[in-house]
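A.B. asks: I have a structure I would like to understand better, so I am pasting it below and will then ask my questions one at a time.
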Amino acid sequence: MDHTVDVLIIGFGKAGKTLAPYLAKQGLSVIVVEQSSQMYGGTCINVGCIPTKALAHQSHLIAQYGLGNTEARQERYAQAILEKDELVTMLRGKNLKMVNEQSGVTVITGKASFLTDHIVEIKTQDGTILVEASRILINTGAKPIIPDIPGIQNSKVYTSTELLNLGKLPERMAIIGGGYIGLEFASIYAGFGTEVTILEQGATFLPREDQDIASEVRTVLEQKGIRIELQSHVVQIEDIEKNEVQLDLSSPDGLKEWRGNAVLVATGRAANTDGLNIEAAGIQLTARGFIQVDDKLQTNKQHVWALGDVNGGPQFTYISLDDYRIIKDHWFGTGLRTTSDRKTVPTSVFIDPPLSRVGLSETEALQQGYDIRVVKLPVTASTRARQLKQTDGLLKAIVDSKTEQLLGFTMFGAESSEVVNIVSVFMNSSQPYTVLRDTIFTHPSMSEMLNDLLNLV
Ligand SMILES: Cc1cc2nc3c(=O)[nH]c(=O)nc-3n(C[C@H](O)[C@H](O)[C@H](O)COP(=O)(O)OP(=O)(O)OC[C@H]3O[C@@H](n4cnc5c(N)ncnc54)[C@H](O)[C@@H]3O)c2cc1C
C-alpha cells in the first residue's frame, strides 16, 4: 500500500475541495485525486460557471455597445476567449495552492478506480498508486450526454467543454437542446454576432417556467436574432464542405435542414462514474446511473459518501457546496443537516438578461392546491433598468392568499441573479410578503423593484 489515509476524496469538485482543507485542519490525513492537471478546481472553475459567465459578460458588453464588422467581432471574440483562459488558469492555480500547499492535503493527479470498497488504485503519468482509506468521498461530477445521432462524431460538433476552446467565432451555429446550458451558449454567441439556431425536441419552450415567462424570454431571445425550433429532432449530421456541416431534421412543420459552421450538443449531463469501477466497491447506483445516496449523502456503504453532481442532486456548484456543509455537520456537528433542509434553492440562467427563480411557479403553486395571488411588473418600470439600458423582462411573485407567505418569485431582467438571492433569504425567514414589501432598499437599484412588485398584491 502506497498511502493509508483517513479520508480519500475522488475528484476536485466544489464539495471536496472545500472539505479537504477543513478535514486536514481537524487533524485528519487527506488525499484528493484529480484525473487531469487541467481540472484542479473542478468543472465550475475550468469548463463550467466561470468561463461561461466570463464570456457571457463580454458578449453582453459587445451586444450592448455595438458589434462592428465581421473582423472586429472576430477580434473581440478571440480576445474574450484569451481573457477567459487567463482567468481560468489563474483560478486553477489558486485552487491547487489552496488545497495542496496551504492546507497539508496531498493532491495526486491521476485517475481513481476502486479495487475494493476501501482500496483505490490511482493511475498517474508515472505509474500506479494504491491508497487505502477509512472514509471515501466521491466527487467526480457529471459529463455531457452525447445523443446517438448518426454522424455526431464530427469535428464541427462540440460539447460545451470543447466549444470553450473554439478560438474562431462561427458565423452560424446550431445548438441541440434548449435547456439551461444550451440557452446560455445561444445568448453568448448571439451577443458576439453568430447566427444561432436552437433545436429543441420538446414541444414547449422552457417547460418548467410559466407560459408568460417562457414567452417573454423567447421574444427577447428572438429579438436578439436567436431562432428557436421546437419539436425538432436531429436525425443525421454530415460534412458538406471543409467549414460547413449539415443537420437533417425531423420536425412536424419546422426546419428540415440546417447548415452552418458549428454545432453544440447540450442535451444534458450524466453522472461521471467513468472508469471508477464502482462495482468493485459494491456501491449502488440509481436507475439513471447516479450514485445512490440518502439525505446525508451516504451511499449503501457506511464509509462512502457521494457529493456534487454525481449523486443526482440539482447540478449547481452551490448545491455541491451545500453537500460539503452536510458532511461537515454529519462528521463534526449536530448530524442533523440533510438535503431536505434546502427550503429554497434559487436558480439563474445566465442569458442576457438573466432568468432567475426561487420557489414555486404559478403553475406549480396551483398544482399543489394553493389559493394564490399573482403579481407582475415589467422591468421597464425600473429607473435603474433605464439607466442601464436593459429594460427587457419582467418580475412575477406568487403569494399564498391564506398565510401571506411568498411562495415563489421569478425575475427575467438585469441583475436578477442578485435580486433572487435577496428573495431566497427572505423566503427562508418565513415572514409575510408585507415585510419584504416594506423593506428599505437603496435607490436606484434593481432590488427596489421588490417594493413595487409586492405593492401590487
Ligand atoms: C457549461 C456549464 C456551465 C455551468 N454554469 C453553472 C453556473 O453558472 N452556476 C452553477 O452553479 N453551476 C453551473 N454549472 C454546473 C456546475 O459546474 C456543476 O454543478 C459543479 O461544478 C459540480 O461540481 P462537483 O462538485 O459535482 O464536481 P466537479 O466540479 O464536476 O468536479 C469533478 C472532478 O472530478 C474529476 N474526476 C472525475 N472522475 C475522476 C476519477 N475517476 N479520478 C479522479 N478524478 C476524477 C473531474 O476531472 C473533475 O475535475 C455549469 C456547468 C456547465 C457544464
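A.B. asks: If a residue must be out of contact with any helix residue (DSSP H, G or I) (no Cβ under 9 Å at 6 or more places or on another chain) and among the acidic types (Asp, Glu), how many such residues does region 90-120 contain?
C.D. replies: 1
A.B. asks: Here are some residues: 358, 399, 374, 420. Which one is of a type in the set (A, V, I, L, M, F, W, C) and within 21 Å of residue 60 (Cα to Cα)?
C.D. replies: Numbers: 358 fails: within 21 Å of residue 60 (Cα to Cα); 399 fails: within 21 Å of residue 60 (Cα to Cα); 374 fails: within 21 Å of residue 60 (Cα to Cα).
Going through 358, 399, 374, 420 in turn, just one is of a type in the set (A, V, I, L, M, F, W, C) and within 21 Å of residue 60 (Cα to Cα): 420.
Each row is one residue, and each column tells you yes or no for (1) closer than 16 Å to residue 105 by Cβ; (2) touching a residue at least 24 places away in the same chain (Cβ under 8 Å); (3) surrounded by 19 or more Cβ atoms within 10 Å (Cβ to Cβ).
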site	(1), (2), (3)
8	yes, yes, yes
33	yes, yes, yes
37	no, yes, no
43	no, yes, yes
46	no, yes, yes
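A.B. asks: Also, I was wondering about something else. Restricting attention to region 244-282, and to residues there that are assigned to a loop (DSSP other than H, G, I, E, B) and more than 26 Å from the chain's Cα centre (by Cα), which single residue is surrounded by the fewest Cβ atoms within 10 Å (Cβ to Cβ)?
C.D. replies: 253
A.B. asks: Of the numbered conditions (1) in a loop (DSSP other than H, G, I, E, B); (2) at pLDDT 95 or above; (3) farther than 30 Å from residue 42 by Cα, residue 236 satisfies every one except a single condition; which is it?
C.D. replies: So the condition that residue 236 fails would be (1).
A.B. asks: For residue 194, all conditions in the list (1) crowded, with 20+ Cβ neighbours inside 10 Å; (2) among the β-branched types (Val, Ile, Thr); (3) within 16 Å of the ligand (Cβ to nearest atom) hold save one; what is the number of the exception?
C.D. replies: Unmet for residue 194, out of (1) crowded, with 20+ Cβ neighbours inside 10 Å; (2) among the β-branched types (Val, Ile, Thr); (3) within 16 Å of the ligand (Cβ to nearest atom): (3).
A.B. asks: Something else now. Select from region 160-182 the residues that are part of a loop (DSSP other than H, G, I, E, B), crowded, with 20+ Cβ neighbours inside 10 Å and not small (Gly, Ala, Ser) and list them in ascending order.
C.D. replies: We begin by selecting, within region 160-182, every residue part of a loop (DSSP other than H, G, I, E, B); these are 164-171, 177-179.
Narrowing the set further to residues that are crowded, with 20+ Cβ neighbours inside 10 Å leaves 164, 169-170, 177-178.
Within region 160-182, 164, 169, 170 meet the criteria.
A.B. asks: Given 375, 379, 358, which one is under 18 Å from residue 210 (Cβ atoms), touching a residue at least 60 places away in the same chain (Cβ under 8 Å) and touching a Pro at 6+ places or on another chain (Cβ under 7 Å)?
C.D. replies: 358
A.B. asks: Given the conditions (1) closer than 30 Å to residue 224 by Cβ; (2) surrounded by fewer than 20 Cβ atoms within 10 Å (Cβ to Cβ), which single one is not true for residue 101?
C.D. replies: So residue 101 meets the others, but not (1).
A.B. asks: Looking at region 13-23, which of its residues are crowded, with 20+ Cβ neighbours inside 10 Å and either away from the ligand (no atom under 14 Å from the Cβ) or among the aromatic types (Phe, Trp, Tyr) (or both)?
C.D. replies: Hit for region 13-23 is 23, nothing else.
A.B. asks: Hey, another quick one. Just to check your reading of the model, which residue among 29, 59, 103 is more than 12 Å from the ligand (Cβ to nearest atom), among the polar types (S, T, N, Q) and either under 16 Å from residue 133 (Cα atoms) or free of Cβ contacts under 8 Å to residues at least 60 places away in the same chain (or both)?
C.D. replies: Of 29, 59, 103, the one residue that is more than 12 Å from the ligand (Cβ to nearest atom), among the polar types (S, T, N, Q) and either under 16 Å from residue 133 (Cα atoms) or free of Cβ contacts under 8 Å to residues at least 60 places away in the same chain (or both) is 29.
A.B. asks: Taking the criterion of being more than 30 Å from residue 293 (Cβ to Cβ) and either touching a residue at least 24 places away in the same chain (Cβ under 8 Å) or crowded, with 21+ Cβ neighbours inside 10 Å (or both), would at least one residue in region 340-352 satisfy it?
C.D. replies: So far as region 340-352 goes, yes, one or more of its residues are more than 30 Å from residue 293 (Cβ to Cβ) and either touching a residue at least 24 places away in the same chain (Cβ under 8 Å) or crowded, with 21+ Cβ neighbours inside 10 Å (or both).
A.B. asks: Looking only at region 180-211, count every residue that is under 19 Å from the mean Cα position of the chain (by Cα) and not aliphatic (A, V, I, L, M) and tell me the total.
C.D. replies: Matching residues across region 180-211 total 11.
A.B. asks: Could you tell me which residue of region 133-164 is farthest from the ligand (Cβ to nearest atom), considering only residues that are in contact (Cβ under 8 Å) with a residue 12 or more places away in the chain and under 22 Å from residue 80 (Cα atoms)?
C.D. replies: Of everything passing the filter in region 133-164, 156 is farthest from the ligand (Cβ to nearest atom).
A.B. asks: While we're looking at this one, here's another question. Test each condition in (1) away from the ligand (no atom under 15 Å from the Cβ); (2) under 28 Å from the mean Cα position of the chain (by Cα); (3) assigned to a loop (DSSP other than H, G, I, E, B); (4) at pLDDT 95 or above for residue 39 and report the one that comes out false.
C.D. replies: (1)
A.B. asks: Could you say whether any residue in region 405-413 is of a type in the set (Gly, Ala, Ser) and in a helix (DSSP H, G or I)?
C.D. replies: Keep residues of region 405-413 that are of a type in the set (Gly, Ala, Ser), which gives 408, 413.
Still in the list and also in a helix (DSSP H, G or I): none.
No, region 405-413 contains no residue that is of a type in the set (Gly, Ala, Ser) and in a helix (DSSP H, G or I).
A.B. asks: Just to be sure, is residue 274 within 15 Å of the ligand (Cβ to nearest atom), modelled with pLDDT under 95 and within 30 Å of residue 132 (Cβ to Cβ)? Working first, answer last.
C.D. replies: Working: within 15 Å of the ligand (Cβ to nearest atom): yes; modelled with pLDDT under 95: yes; within 30 Å of residue 132 (Cβ to Cβ): yes.
Criteria met by residue 274.
A.B. asks: Scanning for something under 30 Å from residue 123 (Cα atoms), within 12 Å of the ligand (Cβ to nearest atom) and at pLDDT 95 or above, does region 282-295 turn up at least one residue?
C.D. replies: Yes.
A.B. asks: To continue, here is another question. I'm trying to understand the selection: among the residues of region 212-229, which are part of a loop (DSSP other than H, G, I, E, B) and touching a residue at least 40 places away in the same chain (Cβ under 8 Å)?
C.D. replies: 224, 226
A.B. asks: On to the next question. Check whether at least one residue in region 316-330 is more than 8 Å from the ligand (Cβ to nearest atom) and exposed (fewer than 15 other Cβ atoms within 10 Å of the Cβ), and report yes or no.
C.D. replies: For region 316-330, residues more than 8 Å from the ligand (Cβ to nearest atom) and exposed (fewer than 15 other Cβ atoms within 10 Å of the Cβ): absent.
The values are calculated or read from the model by the stated rules, or taken from the named source; none is laboratory data. Worth saying up front: this structure is predicted, and the values here are computed from it rather than measured. Note: ideal-geometry Cβ built from the backbone for every residue, glycine included; neighbour counts use all protein chains shown.
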